[in-house]
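Heads up: the structure comes next, in structure tokens.
The values are calculated or read from the model by the stated rules, or taken from the named source; none is laboratory data. Bear in mind that the values here come from a model prediction, so they are computed numbers and not experimental data. Neighbour counts run over all protein chains shown; Cβ positions are idealised from the backbone, glycine included. Each accessible area value is taken on the protein alone, full model and side chains, heavy atoms only, with ligands, DNA and RNA left out. Shrake-Rupley method; radii C 1.70, N 1.55, O 1.52, S 1.80 Å.
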Amino acid sequence: MKQKKIAVIGGGAAGMMAAITAADRKAAVTLYERNERVGKKLLSTGNGKCNFSNMDLKPCHYFGKDIETAWNVLNRFDNQAVLNFFHGSGMLTKEKRGGLYPAAEQASVVLDILRLQLKNKAIEVRTENKVQKLRPLSEGGIEIITEKSKDRYDSVILACGSKAAPKTGSDGNGYALAEALGHSLIPVVPALVQLRCGNTQLKSVAGVRAEAEVTLTVNNREMAKERGELQLTDYGISGIVVFQMSRIAAYALREQKDVTVYIDFLPNFSDEEYSRWVSERKASLNGAENVEQFFTGMLHKKLMLFLIRLAGLKPTDSYNKAPKGSIDKVFTLCRHLPLHITGYNSFDNAQVCAGGIPLCEVSENLESLKQKGIFFAGEMLDVDGKCGGYNLQWAWSSGYVAGKSAAERLI
């Protein structure tokens, strides 16, 4: 039986997993990568520590138009299968609050394991090789055209990434290749990205981090709520709590809807407890000379001064002479600070993208329904996850399914 020839376009996490899986099934695999080496984006994941999966693998951690299909793919190569793969490759792992990491907490360890697998399985890696065109052949198969060569393959796996982090080589070129084959594209927006606000006073609190609960509303309707560390910047808000809801904000802004976040800087209080605490504080600190002294000790000093000014007070104003309504407003802002969202940072700052090739245009094996022999994996598809290793889990799962399906496809 003739050995199948399979090409994988894109040397990221999904592409490398697809190549390794196809080679395990006796296919002759060629991996095309436009950069000088594979896995460039992988090195920056998890702040360089590579949070490669999560023990809490559930559909609620993923987004897209067709989560049911995505979940079926994730179940075919789940978090335990990923652990087995890396353990079998010699990598020690550790768990932190559900997140899975290499024991060394170095993304380079994960990449070294994958590169070693590529070498051991005799996968041909063609770096600095950007694919320009895919041409389906009348006699069967797909021709790949690059600046350097033309080659025919029985199947091709597109794992080109999205538009996120273009400095790592993800510029959206894969979308153009797919559209040329007849595929449509769900609009792509940055996800896991910072949000921008119209409040110019934020410059005074740039760099402040705080435990907070953040609620996102679109046209006054609550759409998301997250709790964790928030970072204030000169242009807006950042931190994991913001990243988790940024895709919702990005799509809403794209549709010119009103987007607002409400920040609770004291989320450990119930409303009743906070009301009681405020009354006690007013009674016990009534002798404070000025407003700043009265509020000292509640929050980060820069943040407290920011809220005082936002309430229309000066820190040096006499507490006893300050309007009662203004003092109450400061307390309210501590629990309910509204920030109008005007934009989001660019693809350069995004960890992943939302949108992509719709799952309704691929089979359960991730083969194109527009062109036989074409498969998809990774961020090219309309699936994105929350922070916490979920996007890499999707890369491994979809790469495995695409690689296995391409190798086992009947020609």
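Here are the numbers:
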quantity: Net +/- balance of residues flanking A27 in space, Cβ distance below 13 Å, scoring K and R +1, D and E -1; calculated: +4
quantity: Proportion of all alpha-carbon pairs of the stretch 49-196 beyond 24 Å (%); calculated: 52 percent
quantity: C334 - accessible surface, heavy atoms, 1.4 Å probe, Å² rounded to 10; calculated: 0 Å²
quantity: Against the rule of thumb 2.2 N^0.38 Å, how large the Cα Rg of the chain comes out; calculated: 1.17
quantity: FRET efficiency estimate (nearest 0.05) - Cβ-Cβ, Q201 to Q80, R0 35 angstrom; calculated: 0.10
quantity: The chain, relative contact order [Cα under 8 Å, separation at least 6], %; calculated: 26 percent
quantity: Centroid-to-centroid separation of the stretch 114-184 and the stretch 28-66 [C-alpha atoms, Å]; calculated: 17 Å
quantity: Note, ³J(HN,Hα) from phi for the stretch 248-264, Karplus 6.51, -1.76, 1.60, rounded to Hz, x at Gly and Pro; calculated: 5, 5, 4, 5, 5, 5, 4, 8, 6, 8, 7, 10, 9, 10, 10, 10, 10
quantity: FRET E, pair K321, N349, Förster distance 41 Å, beta-carbon r, rounded to 0.05; calculated: 0.35
quantity: Normalised contact order of the stretch 336-383, rounded percent, pairs of Cα under 8 Å and 6 or more residues apart; calculated: 34 percent
quantity: Stretch gain in nm, segment I240-K121, where the contour uses 0.36 nm per residue and the Cα spacing is subtracted; calculated: 39.1 nm
quantity: Helix-only mean residue ellipticity at 222 nm for the chain, each DSSP H run of n ≥ 4 adding -39500 (n - 2.57), per residue, nearest 500; calculated: -9500 deg cm²/dmol
quantity: Additional length obtainable on full extension of the chain from K26 to E280, 0.36 nm per residue less Cα span; calculated: 84.1 nm
quantity: For S53, net neighbour charge (Lys/Arg +1, Asp/Glu -1) across residues whose Cβ lies under 11 Å away; calculated: -3
quantity: Degrees separating the helix 79-88 axis from the principal Cα axis of the chain, which is the longest one; calculated: 60 degrees
quantity: Diffusion coefficient, µm² s⁻¹, Stokes-Einstein with Kirkwood Rh over alpha-carbon pairs of the stretch 289-333 at 4 °C and 1.567 mPa s; calculated: 129 µm²/s
quantity: Where the chain is the region considered: accessible area per residue in Å², 1.4 Å probe; calculated: 45 Å²
quantity: Carbon/sulfur fraction of accessible area - the chain, other protein chains in place, 1.4 Å, %; calculated: 46 percent
quantity: Order of exposure, largest accessible area first, which applies to R25, R221, R209, R281 with probe 1.4 Å; calculated: R221, R209, R25, R281
